Amino acid sequence: MFQEVSQTDKPAFLLKRRKVTSEYNRTCRLGTENPQSAIYVLGTSLKANLNRSAPPNSKFFSVKCTSNVQYSISPPHQETTHLSPIPLNGNSMLFISMSRASQYENDSKLSVQYYGGKKEVLGRALLHLTAVEISLDVDADRDGVVEKNNRNKGTWKWGPNEHGAILLVNCDSERTYWKKPDSEQNYISKVSDLKDMSVMVLRTRGPAKLPEGYKLTMHISQGDAESVRVFKSRSSEVVNNTLPEKLFYNYFVKEYPLVLSSEVLSQEVPYLGGVAEMNFYVEGLRFPDKDFDGLITINLSLLEPICEGLPETPIFTDKVVFRVAPWIMTPNTLQPVEVFVCSTSDNYQFLKGMRNLVAKSGYKLKICHEYENRGDRWMQDELEFGYIDSPHQWFPVVLDSPRDGKLQDFPYNELLGPDFGYVTRVAQRKDVSSLDSFGNLEVSPPVTVNGKKYPLGRIIIGVAFPTATKGRNMTKVVQDFLRAQKVQEPIALFSDWLLVGHVDEFLTFVPAPDRKGFRLLLASPDAGYKLFRGLQNDGHGQAKLFEGLKDEKPITIDEILNDGSLQDENNYVQSCIDWNRDVLKKELGLDDEDIIDLPILFKLVVEEEKEQYRAVAYYPDMVNMIVLGKNLGIPKPFGPKVNGRCALEAEMCSLMEGLGLSCTFIDDFASYHKLLGEVHCGSNVRRQPFDFKWWNLEM
């Protein structure tokens, strides 16, 4: 039954009901020669130019429609009597909407009648309407549930009260034999892999089928196709016909066909009819990087046929936006989970000390044996532990360094697995230096700098001094990767003055009960000389370092203090560390009270190939420690004994015990220190993730 729709003296509630507003206006055609048909998508508006379809000499028009149709007219006009024809001018527009989805095809109608100057009827345009509800939905409010038609689903914003869906890089492996990251296979091998993907739901409501020739198509851009894949579930839920959960999780690989990929940018998806939901699973393929900002858009379009042989045209498009979750490093202040060390033919003493420390601390110890490490003991240098996180899933991800020593297969072969991801960055071998080992990659605890919060801390890397022309640097592909993650804005320090060149040779962080919740520990030759001069003044100048060590000549405090060349070398080292100290104070928002200087001396050695002096630790470098909660594993320094106790150990304990930390000294002299590394270099720690959710960062 048609209704008269001329704007008259109708009740206010009816006039309000007729008003059409929409952010999505689509032009539709009217014609007086043949009836037209159109699909209307709920939440949008159809716009018709009344003058374009009017017969010649038309001066007025009126409109009728069925009860499910609403309209508004522009420009607005003033009625005089009930059902008076409305004056027609060159810019008369009709905006049409519908209030609910159709049960049947063409079950609603709208007609426009045109009149001449004497109100005689000149023609009538009839429009058949079918209303459908279409919504491509994601978890845009980040609560782990895919809500219906969130108005913000097509944009992404940082912040605790903002919006935007999140996507994980599917970089773990459900396979344990002949394994490779799941992102490298274009199929779902196990249903358990779905939990690493983000659910996307196509919700539809309408007649049993779309009018002839209309179809739904999902599509992505060529640029996004390298970063995402979309799978479909054949077991899509239909209202009142939901599959049992147990049955759902027993489906085979064929139940999750590939919809979109780098080879398939667009594909038709079924319209199920009635009230229906269809699940899709979105898989991230790569992390943000220099050439990828991490944002991905997926579109769903309703296509309208024109005629046979001509391509369809989109009449409605819904879109959703995902941001790929960044790789996040974990600082020393987070809870340890598992400690990793290597077993070699000569590191029994080191392993004994590490076993005792880890057992006392109550964590797991993973020993990489010689058949795996092939003599490469530098566990810290080969890899860095981090994680990725989303509202529905998180898992640890190991970043494999381009160093590629004999441990190069360990991260992939031993760590990659179910719910344990793997990522690496490959560099040209000519570009890789010692600074690409991950002893040169650290992260601070959370800090606030000039009012800006870094709740996930800031990454710290070592590079050449800014004025250097031939210095070593961390390779660009790794630096680009770290910066692209955005959530732990990197700080570059000067570490090329060291022979090995790693920031963990002169700094670390330990937890603290006060101030900012941590202390920055810095190696300090000045603190070392101050300690030794105090001992000398107290009459202990003949106390010896390295006493009792095999193949190591003891040296007295007096001899150290009388060595002018050594003093000059340490003055240079202190100036390098002070330069970094100033950078760290500025970039981490630290005061001097947040920093503790450790008494550590260095010496300069000549790199024969480059004829350049660089520094190494004079005795075991105590800052190069492992932090396990309140327990510290510190290289045993073999310092001068005073009253039966190593003076360096006593000083270290005095500095740390004030923070409630316990010091355990581990003998790494022969097996690590002599090879230019220490406890931290030879170990690694996987830690719990932050409680803070990265998407709540205020950028």
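Answer yes or no as to whether Phe518 is under 30 Å from Ser437 (Cα atoms) and assigned by TED's automatic domain parsing to the domain that holds Pro455. Against the criterion (under 30 Å from Ser437 (Cα atoms) and assigned by TED's automatic domain parsing to the domain that holds Pro455), Phe518 qualifies. Scanning the range 23-50 for residues being touching a Phe, Trp or Tyr at 6+ places or on another chain (Cβ under 9 Å), over 18 Å from Tyr214 (Cα atoms) and either without any contact (Cβ under 8 Å) to a residue 12 or more places away in the chain or of a type in the set (S, T, N, Q) (or both) gives a total of 3.
Only one of the numbered conditions (1) without any contact (Cβ under 8 Å) to a residue 40 or more places away in the chain; (2) under 28 Å from Glu489 (Cβ atoms) is violated by Leu588, and that is (1).
Residues in the range 284-319 that are part of a loop (DSSP other than H, G, I, E, B), closer than 28 Å to Ser45 by Cα and without any contact (Cβ under 8 Å) to a residue 12 or more places away in the chain: how many? Residues in the range 284-319 being part of a loop (DSSP other than H, G, I, E, B), closer than 28 Å to Ser45 by Cα and without any contact (Cβ under 8 Å) to a residue 12 or more places away in the chain: 5 in total. Within the range 184-215, the set of residues being crowded, with 23+ Cβ neighbours inside 10 Å and not β-branched (Val, Ile, Thr) comprises Asp193, Asp196, Met197, Ser198, Met200, Leu202, Gly206. For the structure I just gave you, tell me whether Gly517 is without any contact (Cβ under 8 Å) to a residue 40 or more places away in the chain and of a type outside the set (Asp, Glu). Considered against the rule, which asks whether it is without any contact (Cβ under 8 Å) to a residue 40 or more places away in the chain and of a type outside the set (Asp, Glu), Gly517 comes out as no. Within the range 533-556, the set of residues being within 16 Å of Glu651 (Cα to Cα) and hydrophobic (A, V, I, L, M, F, W, C) comprises Leu535, Ala543, Leu545.
If only one of Gly660, Gly644 is in contact (Cβ under 8 Å) with a residue 24 or more places away in the chain and in the same structural domain as Val397 (by TED's automatic domain parsing), which one is it? Break it down into steps so the answer makes sense when it comes.
On the way: Gly644 fails: in contact (Cβ under 8 Å) with a residue 24 or more places away in the chain.
Unique residue meeting the criteria: Gly660.
Exactly one residue out of Tyr672, Tyr613 is in contact (Cβ under 8 Å) with a residue 60 or more places away in the chain and assigned by TED's automatic domain parsing to the domain that holds Met379, and it is Tyr672. Number of residues in the range 353-376 that are over 24 Å from Gln688 (Cβ atoms) and without any contact (Cβ under 8 Å) to a residue 24 or more places away in the chain: the value is 1.
One residue stands out in the range 416-447 among those that are in contact with a Lys or Arg (Cβ under 8 Å, 6 or more places away or on another chain) and not in a loop (DSSP other than H, G, I, E, B): the one that is farthest from Gly471 (Cα to Cα), namely Gly417.
Anything in the range 518-546 that is in contact with a Pro (Cβ under 6 Å, 6 or more places away or on another chain) and either closer than 15 Å to Leu588 by Cα or modelled with pLDDT under 95 (or both)? List them, or say none. Can you show your working first?
Our first condition is that a residue be in contact with a Pro (Cβ under 6 Å, 6 or more places away or on another chain); within the range 518-546, this holds for 518, 527-528, 531, 543-546.
Across the range 518-546, the qualifying residue is only Phe518.
All told, Ser92 falls short of being modelled with pLDDT of 95 or more, surrounded by 12 or more Cβ atoms within 10 Å (Cβ to Cβ) and not assigned by TED's automatic domain parsing to the domain that holds Ala208.
Do we have any residue at all in the range 416-425 that's closer than 30 Å to Tyr613 by Cβ and among the small types (Gly, Ala, Ser)? Give the steps one after another, and end with the answer.
Taking the range 416-425 first, the residues closer than 30 Å to Tyr613 by Cβ are none.
For the range 416-425, residues closer than 30 Å to Tyr613 by Cβ and among the small types (Gly, Ala, Ser): absent.
Applying the criterion of being outside any loop (DSSP other than H, G, I, E, B) and among the charged types (D, E, K, R) to the residues of the range 485-542, the residue that is nearest to Leu661 (Cα to Cα) is Arg519.
Considering only the range 516-533, I want to know if a residue exists there that is touching a Gly at 6+ places or on another chain (Cβ under 8 Å) and surrounded by fewer than 16 Cβ atoms within 10 Å (Cβ to Cβ). No. If you check Lys430, Lys486 for being basic (Lys, Arg) and modelled with pLDDT of 95 or more, only one passes: Lys486. Run down Arg425, Arg472, Arg429 and say which single residue is out of contact with any strand residue (DSSP E or B) (no Cβ under 7 Å at 6 or more places or on another chain), in the same structural domain as Phe506 (by TED's automatic domain parsing) and under 30 Å from Lys195 (Cβ atoms). Among Arg425, Arg472, Arg429, only Arg425 is out of contact with any strand residue (DSSP E or B) (no Cβ under 7 Å at 6 or more places or on another chain), in the same structural domain as Phe506 (by TED's automatic domain parsing) and under 30 Å from Lys195 (Cβ atoms). When the range 115-151 is filtered for residues that are exposed (fewer than 15 other Cβ atoms within 10 Å of the Cβ), within 30 Å of Lys453 (Cα to Cα) and not basic (Lys, Arg), the ones remaining, listed by number, are Asp143, Gly144, Val145. For Leu655, the stated conditions do not hold, so it cannot be described as surrounded by 23 or more Cβ atoms within 10 Å (Cβ to Cβ) and either within 27 Å of Gln574 (Cα to Cα) or assigned by TED's automatic domain parsing to the domain that holds Ala543 (or both).
Restricting to helices (runs of 4 or more DSSP H) lying wholly in the range 320-398: which have 2 or more residues that are crowded, with 21+ Cβ neighbours inside 10 Å and over 31 Å from the mean Cα position of the chain (by Cα)? Please lay out each step first, then the result.
Working: elements: 348-361, 370-373, 379-382.
Qualifying helices (runs of 4 or more DSSP H): 348-361.
Per-residue answers, yes or no, for (1) touching a strand residue (DSSP E or B) at 6+ places or on another chain (Cβ under 9 Å); (2) farther than 22 Å from Cys576 by Cα:
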residue: Val443; (1), (2): yes, no
residue: Gly451; (1), (2): no, yes
residue: Tyr454; (1), (2): yes, yes
residue: Ile460; (1), (2): yes, no
residue: Ala484; (1), (2): yes, yes
residue: Val487; (1), (2): yes, yes
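The values are calculated or read from the model by the stated rules, or taken from the named source; none is laboratory data. Note that the structure is predicted; figures quoted are calculated from it, not measured. Counting neighbours? That spans all protein chains shown, and the Cβs are built from the backbone with ideal geometry, glycine included.
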